[in-house]
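Novice: Take this structure, written in structure tokens, and hold onto it; I'll ask about it next.
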């Protein structure tokens, strides 16, 4: 079994079915940040320790907040995935960045559905 990747999700007030999708990819959400707090626009923002992946939900974030979290991830050498807040968009982003193999995807086998 693959090792679990710890992720910080930035954007949206509710995640809907996204945690289930990420769990199927061995990605655990360690922190969920809505991005509404003005302090999230600071340039010296620090990501929580142990973060291995930052997921930006672009349809619920302002440009300055996205830029801040991208720079924080780049400074720490952490991978960033950006997508809209939908299961299909998340699946597509995970596939494009290499975190999901199309046929070997545990979530896809479990749900027996395709987003494409």
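We did not get these values from a lab; they are worked out from the coordinates using the rules stated. Computed from a predicted model, the values in this text were never measured in an experiment. Cβ coordinates were reconstructed from backbone atoms using ideal geometry, including for glycine residues, and neighbour counts include every protein chain displayed.
Novice: Need one number: nm distance between label points at residue 6 and residue 92, each 7 Å from Cα along Cα→Cβ, rounded to one decimal.
Specialist: Result for the modelled spin labels: 3.2 nm.
Novice: Something else now. Starting from the coordinates of the alpha-carbon atoms of region 5-111, obtain the Kirkwood hydrodynamic radius over all distinct pairs and give the value in Å to one decimal.
Specialist: On the way: mean 1/r = 0.0719 Å⁻¹.
The Cα-based Kirkwood calculation yields 13.9 Å.
Novice: What share of the DSSP beta bridges in region 5-111 is antiparallel, in percent to the nearest 5? Walk me through the intermediate numbers first.
Specialist: Details: 0 of 15 bridges.
The antiparallel proportion sits near 0 percent.
Novice: Once both labels are modelled 7 Å past Cα along the beta-carbon direction, what's the residue 67-residue 36 spacing in nm?
Specialist: For the pair residue 67/residue 36, the computed spacing is 2.4 nm.
Novice: Also, I was wondering about something else. How would you rank 51, 44, 58, going from fewest to most other Cβ atoms within 10 Å of each one's own Cβ?
Specialist: Values: 51 19, 44 8, 58 15.
The order, fewest Cβ neighbours first, is 44, 58, 51.
Novice: Hey, another quick one. May I ask you to sort 69, 60 by Cβ crowding, counting other Cβ atoms within 10 Å and putting the fewest first?
Specialist: Lowest to highest Cβ neighbour count: 60, 69.
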